[in-house]
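Single-structure report; data block below.
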Amino acid sequence: MSRKRIRFFLRSALLFVFAMGWSAAFAQTKSTRADSIVVFAPHPDDEVIGCAGIIMQALARGARVKVVAITSGDGFPAAAAGVAHKAVDQVGPEDFFALSRFRQMQSRAALGILGGKDNDLIVLGYPDGDLGNLYESTNDKVIRQQFTKKNETYASIQKDYHTSVHGRPAAYKRSSVLGDLVELLTTLQPTEIYVTDGTDGHIDHRAAFWFVRDAAKQVGYKGAFYTYLVHGLPAWPFPTGVTPNLPFESRKVDGEVAPRALPWPPPRRVPLTPVEAQRKLKSIQAHDIPVVGMPQHQSEMESFVKSEEVFWTPLASSR
Ligand SMILES: [Zn+2]
């Protein structure tokens, strides 16, 4: 081979390597950008109950995942009493702050188990138990949470979202929640949204759906929109107990089909491998919380460990 040809060959090889590297880097950027998931949790724990599998699978394939806790998790007296080792009628504001810290730390730990980082958790810091009141407020009045006496956003283990972006908290009012959600969707540009279903038995969970749906409409969101069910009526989930080898099932309770008011089979079923199901169990166990008078609380949460996760697409149907 002449020196000229060798030089030509080397230059071509170099170009080829450069092009390959460039396209690989571009492909990586592209897949990360193209795959951006936001899981909205009314309270710190709903995200793993409904979406631990989605979160771990997305992180494993290099997608960007953000978990958004809409409330601080500060409105559950029996849990505040359990954490403080007090009787339920003895708990005060400081015990609810301690509970919110406890629950947010658990969310952070659970996210770590699923492969996420601390800053993948965003806490909006709205009042636990009052999301329904906020959504239904017609005059945009400021609400004061009955347990903490707070009337503006806060997060116990990090800055709440509004403070971190605007340097000050947001008042507990309807327009603040919607404003934060619209801003988040605009910034994060998700391709998939997950939020609790509008038929959930807990008012905060229904209101989370209404708020996120409205924010998605406001920004003209065109991506996938999935809902998950936590407090399904009249009973959910079934079968009960840690059942990593079984799918979710519909059943009849007192003549009524559960889950009520949702199509069955669900439109989307995401299989979990046995290893993933075990990891989901660990992430739920990271949320172990002593709840006074409700010793079954943890085992109810663990019943969401199944061979799959199930989702509905309410905005895609006429429901
Ligand atoms: Zn919840």
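The values are calculated or read from the model by the stated rules, or taken from the named source; none is laboratory data. No experiment lies behind these values; they were computed from the predicted model shown. When we count neighbours, we look across all protein chains shown, and the Cβ atoms used for this are built from the backbone with ideal geometry, even at glycine. The accessibility values were calculated without ligands, DNA or RNA, using every heavy atom of the protein model including side chains. Shrake-Rupley method; radii C 1.70, N 1.55, O 1.52, S 1.80 Å.
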Tally up the residues in the stretch 202-225 that are open to solvent by 40 Å² or more (accessible area, probe 1.4 Å) and either at positive phi or not basic (Lys, Arg) (or both), please.
6
Which is touching a strand residue (DSSP E or B) at 6+ places or on another chain (Cβ under 7 Å), of a type outside the set (S, T, N, Q) and open to solvent by 60 Å² or more (accessible area, probe 1.4 Å), of 274, 267?
267
Which one of these is open to solvent by 20 Å² or more (accessible area, probe 1.4 Å) and under 18 Å from the mean Cα position of the chain (by Cα): 57, 90?
57
Hey, which of the strands (runs of 3 or more DSSP E) in the stretch 169-267, taking only ones fully inside, have at least 2 residues that are within 16 Å of the ligand (Cβ to nearest atom)?
192-196, 224-228
Take the residues of the stretch 226-235 that are open to solvent by 20 Å² or more (accessible area, probe 1.4 Å) and modelled with pLDDT of 95 or more: which is farthest from residue 268 (Cα to Cα)?
231
Which condition number in (1) more than 29 Å from residue 278 (Cα to Cα); (2) within 16 Å of the ligand (Cβ to nearest atom); (3) open to solvent by less than 30 Å² (accessible area, probe 1.4 Å) is the one that residue 143 fails?
(2)
With respect to residue 240, determine if the residue is open to solvent by 70 Å² or more (accessible area, probe 1.4 Å) and polar (S, T, N, Q).
yes
Would a scan of the stretch 127-140 turn up a residue that is touching a helix residue (DSSP H, G or I) at 6+ places or on another chain (Cβ under 6 Å) and without any contact (Cβ under 8 Å) to a residue 40 or more places away in the chain?
yes
Expected output for the stretch 100-117 (first residue open to solvent by less than 20 Å² (accessible area, probe 1.4 Å), partner modelled with pLDDT of 95 or more and acidic (Asp, Glu), Cβ below 6 Å, 6+ apart or cross-chain) is 100/74; 111/120
Of the residues in the stretch 77-86 that are open to solvent by 20 Å² or more (accessible area, probe 1.4 Å) and touching a helix residue (DSSP H, G or I) at 6+ places or on another chain (Cβ under 6 Å), the one that is nearest to residue 287 (Cα to Cα) is 83
Within the stretch 299-307, is there a residue that is at pLDDT below 95, under 23 Å from residue 103 (Cβ atoms) and over 17 Å from the mean Cα position of the chain (by Cα)?
yes
Are there any pairs, at least 6 apart or on different chains, whose C-beta atoms fall under 9 Å, with the first in the stretch 299-310 and closer than 11 Å to residue 52 by Cβ and the second part of a strand (DSSP E or B) and among the hydroxyl-bearing types (Ser, Thr, Tyr), and if so, which?
309/228
Of all residues in the stretch 154-168 being open to solvent by 30 Å² or more (accessible area, probe 1.4 Å) and aliphatic (A, V, I, L, M), which is farthest from the ligand (Cβ to nearest atom)?
165
